[in-house]
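To start, the structure itself, in structure tokens.
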Amino acid sequence: MSSCDIARSTITKAGLNYSDDPLPRGERAQVRIGGRVIDSFDGKAPNGAALSKTFDADISRALKDAGYATGPADPSRINKPMTILLIVLLMLFGTMTYGPIAAMLVELFPSRIRYTAMSLPYHVGIGWFGGFLPAASFAISAATGDIYSGLWYPVSLAVVCFVVCLLFVKESKGTDIFSSRAGQRTSA
């Protein structure tokens, strides 16, 4: 890793926005926090682990001196009722989504191929797009210097899915969802 990558990663992990200023080619990156300037290090250095610990400690100290909160959240300052309310609200939105999706997916495919037709794309989509969410969001945030820019990854995926559904998913009312009529019960 270059010294710039190390500096970006450290600041992004701290959850802070930053801006990049160009340096002459070949010079090591520097981090400015308040009035302090902290030199980064080259990731290819033989003593990289020791340099990383020193760099992280210097960044933490500079952030603390500049008035930034560092370390884990203070449990006494967490609004627990509001946190629980927000989690329940998000769970409610999730259940409001998955109920209709199950009914819609059943109606999209005939029963002889339904399990494969629903399961394979669903799990590939969740695995690939959902699995890459943390890495992609972090990479976007580190590249832009804005901790909130990583949210564009899930938002853009949702927009693409919405447009694809509008264009290609048709109304299934009146569609025969059975493979054959032989297995159906009939009322006499």
Excluding same-chain pairs closer than 8 in sequence, count the lysine pairs in the chain whose Cα atoms lie under 27 Å apart.
7
Fewest to most Cβ atoms within 10 Å: ASP5, ASP176 sort as ASP176, ASP5
Looking only at trypsin sites (Lys or Arg not before Pro) in DSSP loops with at most 16 other Cβ atoms within 10 Å, what is the longest site-free stretch of the chain?
45-111
So LYS64 and ILE177, fully extended at 0.36 nm per residue minus their Cα-Cα distance, gain in nm 34.4 nm
Restricting to DSSP H runs of at least four residues, report the calculated mean residue ellipticity at 222 nm for the chain, -39500 (n - 2.57) per run over all residues, nearest 500 deg cm²/dmol.
-17500 deg cm²/dmol
Measure off 7 Å from each Cα along the Cα-to-Cβ vector at PHE109 and PHE132, then give the distance between these two points in nanometres to one decimal.
2.3 nm
Test of understanding: ordering GLU107, GLU27 by Cβ neighbours within 10 Å, fewest first, what list do you get?
GLU27, GLU107
Region 3-65: relative contact order in percent, alpha carbon pairs under 8 Å with at least 6 residues between:
31 percent
In percent, what relative contact order does the chain have, based on Cα pairs under 8 Å that are 6 or more apart in sequence?
23 percent
On a 0 to 90° scale, report how tilted helix 80-108 is relative to the longest principal axis of the chain, with both axes built from alpha carbons and the result rounded to the nearest 10.
40 degrees
Stretch gain in nm, segment ALA50-VAL169, where the contour uses 0.36 nm per residue and the Cα spacing is subtracted
37.3 nm
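A short reminder: the numbers here are calculations on the coordinates, not readings from a lab. From a predicted model like this one, the values you see are computed outputs, not experimental measurements. Note: ideal-geometry Cβ built from the backbone for every residue, glycine included; neighbour counts use all protein chains shown.
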